[in-house]
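What follows is a set of notes on a single structure, which appears directly below.
The values are calculated or read from the model by the stated rules, or taken from the named source; none is laboratory data. The model shown is predicted, which means the values in this text are computed figures rather than measured ones. Cβ: placed from backbone, ideal geometry, glycine included. Neighbour counts: every protein chain shown. In case anyone asks, the SASA skips ligands and DNA or RNA and just uses the protein heavy atoms, side chains included. Shrake-Rupley method; radii C 1.70, N 1.55, O 1.52, S 1.80 Å.
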Amino acid sequence: QVQLVESGGGLVQAGESLRLFCAASGSIFSADIMGWYRQAPGKQRELVAFIASGDIRDYADSAKDRFTIASADTKNTVYLQMDSLKPEDADVYYCNFRRVDGFLEYEYWGQGTQVTVSS
C-alpha cells in the first residue's frame, strides 16, 4: 500500500513560481513511477510530468521549459517546480504513483492541491 500527500499549492500572481511536493509512504522501489497530473472542472485529468527509473523525465507540452519534476532530498518525495506560472495553469494538481508488478498494475493518487494564478 502506498499513500501520497501533496503540499505546496497556493495563490500566486502570473509570472511567479510554486513548488509542489508529493510525499510517498509505504513500500517504494526505484522502478516505481511518480508523476503530477492536473484537472480542471469538467475536464479529464491530464499528465503534467512524470519521473521514472534512470532519471527519465517527460513533460506535457504545456509544461515544457517552465516546469521541472525531480526527487527531493528527502527520500520518496517528489516535487514539481513551476516557474513562469500563467492563469491557465490554475488547477487542482494531483500526485500519481504507478507500479508494474509482473502482469499486475497498481496506481495511487493523492488528494490534490489547489494552484491559483491571478492576473
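Couple of notes before you dig in:
- Annotation note: Cβ proximity below 6 Å between a residue of the stretch 39-54 that is in a loop (DSSP other than H, G, I, E, B) and a residue that is open to solvent by less than 60 Å² (accessible area, probe 1.4 Å) (sequence gap 6+ or interchain) occurs for Ala40/Asp91; Arg45/Tyr37; Arg45/Gln39.
Yes/no matrix, rows are residues, columns are (1) assigned to a strand (DSSP E or B); (2) modelled with pLDDT of 95 or more; (3) not small (Gly, Ala, Ser):
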position	(1), (2), (3)
Asp73	no, no, yes
Gln81	yes, yes, yes
Ser84	no, yes, no
Val92	yes, yes, yes
Tyr106	yes, no, yes
Val115	yes, yes, yes
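- Selected residue (criterion: least open to solvent (accessible area, probe 1.4 Å)) from residues of the stretch 36-64 that are among the aromatic types (Phe, Trp, Tyr) and under 18 Å from Leu18 (Cβ atoms): Trp36
- Of the residues in the stretch 98-113, at least one is closer than 19 Å to Gln13 by Cβ, in contact with a Gly (Cβ under 6 Å, 6 or more places away or on another chain) and not aliphatic (A, V, I, L, M).
- Here the stretch 1-38 is the region considered, the condition is being part of a strand (DSSP E or B) and hydroxyl-bearing (Ser, Thr, Tyr), and the residue that is farthest from Ala63 (Cα to Cα) is Ser25.
- Qualifying residue in the stretch 65-76 (condition: closer than 14 Å to Leu20 by Cα, open to solvent by less than 40 Å² (accessible area, probe 1.4 Å) and either in contact with a Pro (Cβ under 6 Å, 6 or more places away or on another chain) or not aliphatic (A, V, I, L, M) (or both)): yes
- Among the conditions (1) part of a loop (DSSP other than H, G, I, E, B); (2) touching a Leu at 6+ places or on another chain (Cβ under 8 Å), Ala63 misses just one, which is (2).
- If you filter the stretch 93-119 down to residues that are of a type outside the set (Ser, Thr, Tyr) and more than 27 Å from Ser30 (Cα to Cα), you find that the one that is most open to solvent (accessible area, probe 1.4 Å) is Gln114.
- Of everything in the stretch 77-88 that is more than 24 Å from Tyr108 (Cβ to Cβ) and not polar (S, T, N, Q), the residue that is least open to solvent (accessible area, probe 1.4 Å) is Leu85.
- Residues of the stretch 13-27 satisfying the condition of being touching a strand residue (DSSP E or B) at 6+ places or on another chain (Cβ under 7 Å) and in contact (Cβ under 8 Å) with a residue 40 or more places away in the chain: Gln13, Ala14, Ser17, Leu18, Arg19, Leu20, Phe21, Cys22, Ala23, Ala24, Ser25
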